[in-house]
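Written out below as structure tokens is the structure these notes cover.
The values are calculated or read from the model by the stated rules, or taken from the named source; none is laboratory data. All figures in this text were calculated on a predicted structure; none of them were measured in a lab. Every residue, glycine as well, gets a Cβ built from its backbone with ideal geometry; the counts of neighbours run over all protein chains shown. Keep in mind that these areas ignore ligands, DNA and RNA; they rest on the heavy atoms of the full protein, side chains included. Shrake-Rupley method; radii C 1.70, N 1.55, O 1.52, S 1.80 Å.
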Amino acid sequence: MNGYAGKFLRVDLTREKLTDEVFDEATLRAYVGGTGIGAKVLYDEVPPGVAWNDPENRVILASGPLGGSTIPGSGSYTVTTKGPLTNGASVSQANGFFGAYLRFCGYDGVIVQGAAKRWVYIHITENGAELKDASHLLGKDTWETDDLIKGELGRKERAMSIACIGPAGENLVRVAAVCNDKGHVAGHNGPGAVMGSKKLKAIAVDRGRFRPTYSDSKRLTEIAKGITTKLRGDGDPAKATFFNFGTLNGVTQQAQPGGWLPVKNYLTQIYDISPDDLERYSGKYIRGNFEPKPNPCWACPCHHCHMMKIPYGPYKGEIVEEQEYEGFVAFGPVTGQTDVAATAVLSNDVDRWGMEVNELGYLMGMAIECYEKGIINREDTDGVELKWGNAPATREMLRKIAFRDGFGNVLAEGVMRASRLIGGEAPNMAVHTMKGNSVRGHDHRVLWVELFDTCTSSTGTIETHRGSPKDQYGMPAEMNFFDPDNVVDFVAKAKSATPFSDSIGTCRFCVGLDTRNHVEAVRAATGWDFTFDEAVGVGLRSVNLLRAFNLRHGIGPELDRPSPRYGSTPVDGVAAGVGIMPHWDGMVRNYYQQMGWDPKTSKPLPETLKNLGLEQVAVDLWG
Ligand code: SF4
């Protein structure tokens, strides 16, 4: 079949049995890959009553029909599971090489079930797959694991891609991530802890020689060239900021001037930093001073990912992966830090221990605020002085979290649970949704689309993006994002774009969220007369499946809300005195109605499900 490698690898760890599995064309067309297929397998195979750490939970890692093609950034893959922060669906995407290499071994994805009796890793080649002993890898971080597996299998750096967990995943830390290619992370809602619960340390994939066939390779190459031209700014270098610097200018050129930098755990929006220190957060400064070495993903022309060397201060000489905007933010403003070198080192530590950077930022922000306000003291924190901007203390606490050591064992439970364990006023200081996951690296009280979407999402992270082109939904380009009706209209209409984009096997940074472009590429890859409406259907199918999954697993509409701090009214900054909560209940009712869900229970209505071909789900929910 054009566009597909043609099979998935199913790994039953309990029985140590590895088999190939084929999805028929109708199923692939309805779910495409990545998030779509992940949602289907999760819903079909993980019934209510199966906890996140039950062997019957599944971990699905899937590419899509563009994986490993000439389309920029087509090494991406999605991890879907039932996650430990929300006890509901967990969907996360990572870039790098893993998705492409899976396809080069003849697999569109991997479905893992059961739990091994001993620590293992999976080695996938173009001739099949096998389980290998991983006991010698225990305690190793994600970079060490990568080096050790490649060393013992005799593979050079780019001859293999490895998705693995660090000590955090082994120790069932609820914010543990799956990391691949030293710096790419699928981390929302703790998928690394699920791998840990299965005693699965890594999945190592050779760069095989198999190549999927494409219906119209010439057209696919034209589309790839068009994407690259657009990334380069269509001839205008001023428009090529991402192409040249990735997300490095996110703080200085976007969040700080836009007023949506999250500062000191959402206590303020004023980042108290000198102009010189702020300038060090810019792409120009970092690329000019940190000895960057390009480290791009599969088929990516962007000057985005780099390795670099810390040039000054206590961490001088350390080699780290250049941090993303969210790394800057988590260990800069959120934790009251102003030294950009420290943000690089701390976010790199989080990757190496195998955790998710946003969760760790808000965890440390909450713990530091508790310490500064006397809710916890040095005795509670094993002598670690958790003060705003104390990088060495934060570094030590990150290690303690990964190993569940002392006070780290409390924080390893994630922001919501840790704040409840600390008690007192702590739960009022924690930034999270009431489902239990924390949030991305912006002050969403200034970005209501993100706040509303994060809270009503079923995936353990945001489900849509304010950058989705509005004209594709027939919406005006200009919107008032502080208008409750506008916000709900946009979130409901744009709902399908991200899950569809994460189903085709490409990087969102490269290919963007214009579904019309994705449809063109899927048509060229598969030869299907695939339409925009079909793509919307694929996205909505996964959104509705995951809502139904969560409802059946006990996550009801009462949890579609922010924590008190997350939903609080800003006291300063561009939205001082303007809060979303007075509008909340009306927005949620409007949203359920636009999504075709029951206004009280949020259950997708039978006709909504039937229109998406989800008749069995209608029976499951409505009888
Ligand atoms: S844009 Fe960045 S994350 Fe995306 S594929 Fe390119 S290098 Fe990787």
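Structure data summary
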{"item": "In sequence order, calculated HN-Hα J values of the stretch 7-15 (Karplus, 6.51, -1.76, 1.60; Hz; x Gly/Pro)", "result": "7, 10, 9, 9, 10, 9, 5, 5, 8"}
{"item": "Sequence ranges 463-470, 19-26, ranked by mean other-Cβ count within 10 angstrom, highest first", "result": "463-470, 19-26"}
{"item": "Estimated vicinal HN-Hα couplings, Hz - the stretch 502-517 in sequence order (Karplus 6.51, -1.76, 1.60; Gly, Pro = x)", "result": "7, 9, 9, x, 10, 7, 5, 4, 7, 8, x, 10, 8, 4, 4, 5"}
{"item": "Alpha-carbon centroid distance for the pair the stretch 335-394 / the stretch 416-480, whole angstrom", "result": "22"}
{"item": "In the stretch 313-382, the GluC sites (Glu not before Pro) that fall in loop regions by DSSP, at most 13 other Cβ within 10 Å", "result": "Glu379"}
{"item": "Sulfur and carbon atoms: percent of accessible area, the stretch 48-92 [1.4 Å]", "result": "50"}
{"item": "Listed residues Ile319, Ile165 arranged by accessible area, highest first, probe 1.4 Å", "result": "Ile319, Ile165"}
{"item": "Residue pairs, from the table Lys17/Lys610; Lys470/Lys610; Lys201/Lys264; Lys140/Lys198, whose Cα atoms sit over 25 Å apart", "result": "Lys17/Lys610; Lys470/Lys610; Lys201/Lys264"}
{"item": "Exceeding the 19 Å Cα-Cα cut-off - candidates Lys225/Lys493; Lys182/Lys309; Lys117/Lys182", "result": "Lys225/Lys493; Lys117/Lys182"}
{"item": "Alpha carbon centroid spacing (whole Å) that separates the stretch 588-623 from the stretch 273-294", "result": "49"}
{"item": "Loop-located trypsin sites (Lys or Arg not before Pro) in the stretch 303-393, at most 16 other Cβ atoms within 10 Å (DSSP)", "result": "Lys316, Lys373, Arg378, Lys387"}
{"item": "Whole-number accessible area per residue in Å² for the stretch 579-623, which is evaluated in the context of all protein chains at 1.4 Å", "result": "52"}
{"item": "Rounded to whole Hz, the Karplus (6.51, -1.76, 1.60) HN-Hα couplings of the stretch 152-169, x for glycine and proline", "result": "6, 9, x, 9, 6, 3, 9, 8, 7, 10, 10, 9, 9, 10, x, x, 4, x"}
{"item": "Inter-part distance where the stretch 194-259 and the stretch 25-65 are each reduced to a Cα centre, Å", "result": "24"}
{"item": "Order by protection proxy (mean Cβ within 10 Å, highest first), peptides 276-286, 502-512, 253-263, 520-530", "result": "502-512, 520-530, 253-263, 276-286"}
{"item": "Sorted peptide list for 99-105, 225-231, criterion being average Cβ within 10 angstrom, highest first", "result": "99-105, 225-231"}
